[in-house]
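Report on the following structure.
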Amino acid sequence: MTTDTTGTAARDGEPRPGGPADSPFVRACRREPVPHTPVWFMRQAGRSLPEYREIRANVGMLESCRRPDLVAEITLQPVRRHGVDAAILFSDIVVPVAAAGVDLDIVPGTGPVVAEPVRTAADVERIRPIGRDDVSYVDEAVRLLVTELGDTPLIGFAGAPFTLASYLVEGGPSRTHAKTKALMYGQPELWHALCARLAEVTLSFLRVQVDAGVSAVQLFDSWAGALSEADYRRYVLPHSATVLSGLADAGVPRIHFGVGTAELLGAMGEAGADVVGVDWRTPLDVATRRIGRDRAVQGNLDPTVLLAPWSVVETEVRRIVEQGRAAPGHVFNLGHGVLPETDPEVLTRVVALVHEVSARRAEQG
Ligand code: CP3
């Protein structure tokens, strides 16, 4: 018996019945039978919630990510309010990069901004490997949360090498990723050195979260859809595979997500995921044919649909639950993050509707 403060590891490696590793969310990730389709929302912990805006009123984004008490409170807010099937750690993809020594900030309304964008091998060398002590606030926050959450699973996450590299090379958000691609095509050796270093930092960051007790991890490669499949396989997949295969023995499901990735779904599964995130452009039955039956899917409501009248939301939610039945496992989510202007009450209603529709269908067999 391993130490089981988390409920993720239990006697003989079997999940504790009813514990987080036996939750509908983790079971769906593992393609096991579930009592209802589990649901959570990317960016559920954030600006659509008034209680979040209140907490963050006088605290910078990076500072709030480094305060375990705030991280725990913000992570719990959407769980209390919506009754989602999983919590996601409140943090940001650039948190480990900052811990690795890169001078950056998260600017409200813009996103991550890097003081000195990466241009040379010396810039890559300055990105230090990280260990638990560099992100002890994350270790502490996860441990607090695992206790508070009880049977509700906590999802840990990190940014994938391509998406992180994009912020580091551009210096901030970019629509075209032009500087990133110029470096990738023009200086492939430097590109691979940068991505290898970022894969190392990302893997360490996820290891800290797994060791502290998260029940699943999600690797966000939000901007991978900017690449063709051939270039994705050549320049990106090997580095994401380093991260995902590095967690193969961690005993928690690995979710791999990107936006605009219709052409990459198969490759993103092959990179070593248990679950592939799908955006709203690809119906889940079509996505399942591309990904194969040995992985589950997560998605894929268009976040802008939540701004439409409820009748529209309801039709779309029902369609997605139905199409998700073609997959060997389905975690209901949005196709990308919750938009700040979303009415939180609509999110609560979506959770209830997904549970209701999927439970009834399960009874009918
Ligand atoms: O999902 C969650 O609820 C957990 C929290 C979370 C945040 N960022 C908090 C955050 C997660 C999972 C992320 C991941 C993240 N960060 C990604 C991948 C997911 C995606 O959306 O594609 C990316 C690309 C980033 C980089 C980043 N950080 C962006 C683009 C922004 C938005 C800029 C803006 O203000 O519109 C951020 C800032 C950020 N990260 C906020 C939050 C709650 C907003 C900060 C604020 O409240 O001022």
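Matching residues to (1) touching a strand residue (DSSP E or B) at 6+ places or on another chain (Cβ under 6 Å); (2) within 30 Å of ALA141 (Cβ to Cβ); (3) among the aromatic types (Phe, Trp, Tyr):
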position: ALA160; (1), (2), (3): yes, yes, no
position: GLY172; (1), (2), (3): yes, yes, no
position: THR176; (1), (2), (3): no, no, no
position: ALA182; (1), (2), (3): no, no, no
position: HIS192; (1), (2), (3): no, no, no
position: VAL201; (1), (2), (3): no, yes, no
position: VAL208; (1), (2), (3): no, yes, no
position: ALA212; (1), (2), (3): no, yes, no
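Looking only at region 52-70, which residues are near the ligand (Cβ under 10 Å from one of its atoms) and touching a residue at least 24 places away in the same chain (Cβ under 8 Å)?
TYR52, GLY60, MET61, LEU62, SER64, CYS65
Tell me yes or no: at least one residue of region 25-45 is surrounded by fewer than 20 Cβ atoms within 10 Å (Cβ to Cβ) and aliphatic (A, V, I, L, M).
For region 25-45, residues surrounded by fewer than 20 Cβ atoms within 10 Å (Cβ to Cβ) and aliphatic (A, V, I, L, M): absent.
So is VAL305 surrounded by fewer than 18 Cβ atoms within 10 Å (Cβ to Cβ) and in contact with a helix residue (DSSP H, G or I) (Cβ under 7 Å, 6 or more places away or on another chain) or not?
No; evaluated as a whole, the condition is false for this residue.
If I filter region 243-292 down to residues being of a type in the set (S, T, N, Q) and buried (at least 20 other Cβ atoms within 10 Å of the Cβ), which single residue comes out as nearest to VAL305 (Cα to Cα)? Break it down into steps so the answer makes sense when it comes.
We begin by selecting, within region 243-292, every residue of a type in the set (S, T, N, Q); these are 245, 261, 282, 288.
If we keep only those that are buried (at least 20 other Cβ atoms within 10 Å of the Cβ) too, we end up with 261, 282, 288.
On the way: THR261: 20, THR282: 15, THR288: 22 Å.
Restricting to residues being of a type in the set (S, T, N, Q) and buried (at least 20 other Cβ atoms within 10 Å of the Cβ), the top hit is THR282.
Within region 133-166, take every residue that is under 30 Å from GLY83 (Cβ atoms) and aromatic (Phe, Trp, Tyr) and give me the one that is surrounded by the fewest Cβ atoms within 10 Å (Cβ to Cβ).
Going through the qualifying residues, I end up with TYR137.
Anything in region 334-353 that is in a loop (DSSP other than H, G, I, E, B) and more than 20 Å from GLN298 (Cα to Cα)? List them, or say none. Lay out the reasoning, then the answer.
Pass one, region 334-353, residues in a loop (DSSP other than H, G, I, E, B): 335-343.
PRO340, GLU341, THR342, ASP343, listed by residue number.
Every number in this text was worked out from the coordinates using simple rules, so none of it is lab data. Values in this document were obtained by computation on a predicted structure and should not be read as measured data. FYI the Cβ positions are ideal-geometry reconstructions off the backbone, even for glycines, and counts take in every protein chain you see.
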